[in-house]
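Values in this text are rule-based calculations from the coordinates and carry no lab data. Remember, it's a predicted structure, so these values are computed and weren't measured experimentally. Counting neighbours? That spans all protein chains shown, and the Cβs are built from the backbone with ideal geometry, glycine included.
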Amino acid sequence: MKYSIKEKIEILRRETNKMFPNAVTELNYKNDFQLLIAIIMSAQTTDKQVNKVNDIFFKTLIKPSDGVKLGVENIEKYINTVSFYKNKSKNIFRTCEILNSKKIPKNIEELIKLPGVGIKTAKVFLSITENAPYLGVDTHVHRVLNRVGIVKTKTANETDKKAEKIIQKKDLTQLHHSLIFFGRYHCIARKPKCLTCPISNICSYNKKEN
Ligand code: SF4
């Protein structure tokens with residue numbers, strides 16, 4: 001049976017929601033400021049590693065003024081097991097300086113003016129804090145949407161643009177979390193669990209492999 005893109009999206013939404021009904025970010029944080037910093041740190045780094053570092057770092061970095069007091073060198077000492085820690089430390093420090101005198105913006109245009117905050121970071125942040133209708137495509141979401149055949153794209157950025165055009169706004173926030181979990185724990189990069197997959201009937205990758 002051939003499925004339309006619209007049907008595939010609905011089945012993907014329904015089944016991933018059944019599998020991961022309580023999917024939320026796995027980053028640990030106590031306030032929006034810490035969440036933003038954790039997302040900046042998570043680029044090219046696993047959430048697990050970010051959490052490990054932040055178990056200690058976030059005892060000191062609770063608000064922007066704490067980061068200003070620490071300075072770049074001390075931030076580096078806390079986060080030096082995270083990839084690109086030198087750049088990230090500079091960005092975190094400069095972001096702390098800016099947020100020390102104003103609130104965290106709640107729109108993409110203003111958020112991406114903060115050092116270290118790109119479109120993806122801004123979308124993930126707003127999706128979590130505001131339930132904003134963004135997919136925030138990471139490597140997992142990019143892989144799943146391509147394997148299933150909902151998009152045919154080369155980069156996560158392309159996937160993001162395309163997916164937000166074809167997926168209804170009301171579904172984006174739920175899919176943001178459930179697709180990350182689905183990609184992280186089921187449709188794994190190297191060994192997807194196709195034999196037990198509830199959406200194998202709609203998946204282009206599965207048909208190709210078999
Ligand atoms: S059938 Fe395999 S490749 Fe397709 S979505 Fe399921 S786990 Fe991923």
When a footprinting reagent is the concern and you count Cβ atoms within 10 Å, what order do SER101, SER89 take, fewest first? SER101, SER89
Filter the trypsin sites (Lys or Arg not before Pro) in the range 71-128 down to the DSSP loop ones having no more than 12 other Cβ atoms within 10 Å, then list what survives. LYS102, LYS103, LYS113
Which loop-located trypsin sites (Lys or Arg not before Pro) does the range 140-177 contain, where loop means any DSSP state but H, G, I, E or B and the Cβ has at most 13 other Cβ atoms within 10 Å? LYS152, LYS154
Let me have the 222 nm mean residue ellipticity of the chain computed from DSSP H runs of 4+ only, each contributing -39500 (n - 2.57), with the sum over all residues rounded to the nearest 500. -19000 deg cm²/dmol
Evaluated at q = 0.20, 0.22, 0.23 Å⁻¹: base-10 log I(q)/I(0), Debye formula over Cα of the range 32-130: -0.95, -1.17, -1.29
Could you list the residues of the range 53-87 with an amide nitrogen less than 17 Å from a label point located 7 Å from the Cα of SER101 in the Cα-to-C-beta direction? 64-69
